[in-house]
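Heads up, the thing below is written out as structure tokens.
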């Protein structure tokens with residue numbers, strides 16, 4: 001296999017790993033400039049009869065689409081391609097350099113409370129997105145969390161698509177029953193309902209809670225006993241200094257009965273953010289991008305507090321590659337439907353250089369610079385001089401008042417300094433950074449600034465499809481639909497499977513008044529990514545404009561099923577119901593929209609008109 005091109009484009013560099021159901025390769029993509037690296041997973045089907053292949057093909061395609069959808073998040077590896085060749089199935093995924101978290105959470109070495117809170121917050125933020133897409137991860141654990149070297153952010157990996165397709169026979173030899181999926185999890189991080197093959201969103205919350213308890217106690221979850229009466233985890237005596245507030249949050253996350261836990265990651269995240277003493281304080285961790293390193297060396301993930309031991313960059317791990325000391329357990333079950341704070345003893349909070357932008361907190365206090373061993377810095381002229389020197393050094397240090405400990409890899413949000421080091425990154429990383437900056441500007445409604453940021457990203461990397469999509473959306477915001485369509489076409493040209501770009505092109509067509517063209521694009525998006533709620537809402541809105549109210553209701557109901565928090569969806573649903581003379585349904589829909597957003601003008605206006613017409 002190593003002598004041929006996989007999928008006609010991927011040249012194998014070396015084999016990375018092999019298991020009972022897959023093999024993993026590091027490859028070069030010969031179809032793209034500079035032949036970037038990515039990771040290929042090959043599925044190994046033991047039974048290749050026609051029925052097995054057809055079912056595997058269908059499930060594999062479905063899971064690949066879910067992975068592609070989730071890969072739009074910057075902290076989830078992107079699915080680059082999936083293909084079948086010689087009755088073998090392949091996934092091409094983004095190449096991630098980083099260190100698995102299980103190399104940093106060591107037995108017998110508890111973390112500080114602040115560090116744990118920051119880790120939990122970052123993981124829950126990713127999972128909140130995953131749950132919002134109606135997906136249960138089912139295998140959250142330290143070895144499936146990678147601290148990315150480029151920017152210090154956590155990346156969540158291994159969504160189990162391969163295991164769902166191939167980890168158990170698709171047809172039971174004795175009963176003839178079909179096993180469409182498997183229960184996936186790891187002992188110690190898997191709650192009882194998941195063992196029974198009925199995972200819920202709160203099953204992921206349980207796993208994150210166990211991750212926090214492991215970090216706080218320095219004890220593997222398998223070695224923490226249960227209360228013989230309540231069946232709840234008996235962990236408090238292993239971490240007696242933990243605050244009562246954090247203890248309560250963790251206890252709720254890991255309740256034995258799933259009904260007593262936070263139902264999704266979003267609720268758990270909200271509880272964490274509402275702790276009495278949120279994480280903040282007079283200290284800034286400057287996380288140096290690992291891409292630069294020092295002479296081919298990078299800081300070791302095993303570096304202790306206050307030091308930065310350099311090791312060869314080749315020791316960095318890859319996405320979903322490397323020995324896993326916590327093997328995933330697999331149990332065949334029926335098909336699962338996923339649709340159904342500063343309070344630590346050392347008085348400091350550590351924060352990274354997020355997306356390579358230098359960030360610092362201004363506090364009325366006297367600062368001292370503590371360099372990491374083995375480097376000793378001479379005199380520094382001002383903070384800016386220290387910052388530039390640190391950037392060039394490739395090492396990680398922390399500023400703190402009257403302290404000497406350095407703790408790496410902890411996220412928090414802080415004001416940015418004027419020096420924007422993101423623009424010093426190599427072209428590919430710079431494009432990602434600028435596109436992310438553009439997305440933030442889009443969210444603020446600053447369309448001209450966003451457009452400028454996306455254009456700068458494309459100057460750095462002319463084939464970066466997400467920047468073309470961002471450019472399209474910014475132009476839509478500026479009411480320049482013809483240019484927006486051209487930008488979306490460019491995005492689709494550089495990424496063949498890009499449903500978000502297809503949807504945005506539909507929005508631009510709708511902005512031009514070309515409703516039939518917009519409808520066709522929204523329908524295409526629905527076929528490409530059925531779980532994208534906004535595309536169903538867009539489809540319903542255009543159908544209503546075209547006078548096809550009954551069809552609009554069907555599309556809107558699909559969108560509301562995926563996202564019940566859209567005031568627009570409920571408003572358009574009310575409008576369609578009114579057209580069909582279902583007046584009571586219309587009023588209920590308008591009321592629901594205004595519950596979600598009391599200031600949503602279309603809902604206010606339509607409800608007022610409806611009440612006036614009905615005399616209410």
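Read the figures in this text as sums done on the coordinates, not as results from a lab. Remember, it's a predicted structure, so these values are computed and weren't measured experimentally. Here Cβ is always computed from backbone atoms with ideal geometry, including for glycine, and neighbour counts include all displayed protein chains.
What the table below lists for this structure:
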quantity: Sorted by Cβ neighbour density within 10 Å, fewest at the top, the residues 507, 247, 114; calculated: 247, 507, 114
quantity: Three-way shape label, segment 530-616, alpha-carbon gyration tensor, a/c 1.5; calculated: oblate
quantity: Packing-based order for 482-492, 80-90, 467-477, using average beta carbon neighbours within 10 Å, highest first; calculated: 467-477, 482-492, 80-90
quantity: Reduced Cα scattering model of segment 448-494, Debye log10 I(q)/I(0), q = 0.24, 0.29, 0.33 Å⁻¹; calculated: -0.74, -1.02, -1.20
quantity: Gyration tensor (alpha-carbon) shape descriptor, segment 62-111, a/c threshold 1.5; calculated: prolate
quantity: Difference of contour (0.36 nm per residue) and Cα-Cα distance, residue 11 to residue 248; calculated: 80.2 nm
